1. What is the log10 of I(q)/I(0) for segment 23-101, computed with the Debye formula using one identical point scatterer on each Cα and no solvent, at q = 0.21, 0.23, 0.26, 0.27 Å⁻¹?
2. Per Stokes-Einstein, at 10 °C and 1.306 mPa s, what whole-number D in µm² s⁻¹ belongs to the chain, with the Kirkwood radius over Cα pairs as the hydrodynamic radius?
3. What ³J(HN,Hα) values, in whole Hz, does the Karplus curve 6.51 cos²θ - 1.76 cosθ + 1.60 give for segment 176-191 when θ = phi - 60°, with x put for Gly and Pro?
4. What order, most packed first, do the peptides 66-77, 24-35 have when packing is the mean number of other Cβ atoms within 10 Å of each residue?
5. Once amide H atoms are built 1.01 Å from N in the peptide plane, which residues 5 or more positions from Met183, or in another chain, come under 5 Å H to H?
6. Restricting to DSSP H runs of at least four residues, report the calculated mean residue ellipticity at 222 nm for the chain, -39500 (n - 2.57) per run over all residues, nearest 500 deg cm²/dmol.
7. Angle check, please: helix 2-46 long axis (alpha carbons) against the longest principal axis of the chain (alpha carbons), in degrees 0 to 90, nearest 10.
8. Sort 82-89, 161-168 by the packing proxy (mean of other Cβ within 10 Å over each peptide's residues), most packed first.
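Computed from the coordinates by the stated procedures, all read-outs in this text should not be read as laboratory data. Note that the structure is predicted; figures quoted are calculated from it, not measured. For neighbour counting, all protein chains shown are included, and Cβ atoms are generated from backbone atoms with ideal geometry for every residue, glycine included.
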Amino acid sequence: MSEEIKNDELETEKKPEKKGSILWEICSWILTFALAIGLALALKNYVIINATVPTGSMEHTIEPGDDLFGLRLTYRFSEVQRGDIIIFRFPDDETQKYVKRVIGLPGETVTVNDGKIYIDDSETPLEEPYLKDEWVQATGPFEFEIPEDSYLVMGDNRNDSYDARYWENTYVTRDEIIGKAYMIYYPFSRFGSLYK
């Protein structure tokens, strides 16, 4: 009889352990999911940018419907460079995100004549191998005196790009830049870097 009592005591001791281990297992799954969601949100809001381009303003570099990957942190560690493709809040309506190429840098004077861009009175036009077609629409003359902490941006498809030439607020300020676009990740047939 004493053996039976001991066995019963052992069984009652094991039952709470099973309940505790199941509860611990559920808690560990919840914690894992919460951490995964938290990490994903932190990456999305502070590290990476995902953007879909709906128009042809950046053709052939970016086609309508291309999905882009960019980094928000790029310009925390380096300066914006001419030729960078940036994702930014549209100066005339900051609820919209735009993607364009940086043409002019802070403090520069950019002149556009006959579809050619000149930086600070240079006699040699800016080389732009990324342009889709011969530039024939809104080819100038324009002169842009870029304020400090601001940038002049244009689309690669100059004949069909709603860009600084037409905006009420001509320049993109440093605060409006969300990050630098790096690559197309979808469609898979166009997967690759934006800087070839």
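1. Debye output, listed in q order: -1.04, -1.16, -1.29, -1.32.
2. Details: Rh = 20.0 Å.
After rounding, the answer is 79 µm²/s.
3. 7, 6, 8, x, 9, 7, 10, 8, 8, 10, 8, x, 4, 5, 10, 4
4. Working: 66-77: 15.9, 24-35: 10.0.
Answer by packing, highest mean first, reads 66-77, 24-35.
5. Long-range HN contacts for Met183: Phe69, Leu194.
6. On the way: 2 runs with 49 residues, N = 196.
Calculated from helices alone, the mean residue ellipticity at 222 nm is -9000 deg cm²/dmol.
7. So the helix axis and the longest Cα principal axis differ by about 0 degrees.
8. Values: 82-89: 19.0, 161-168: 16.8.
Highest mean packing first, the order is 82-89, 161-168.
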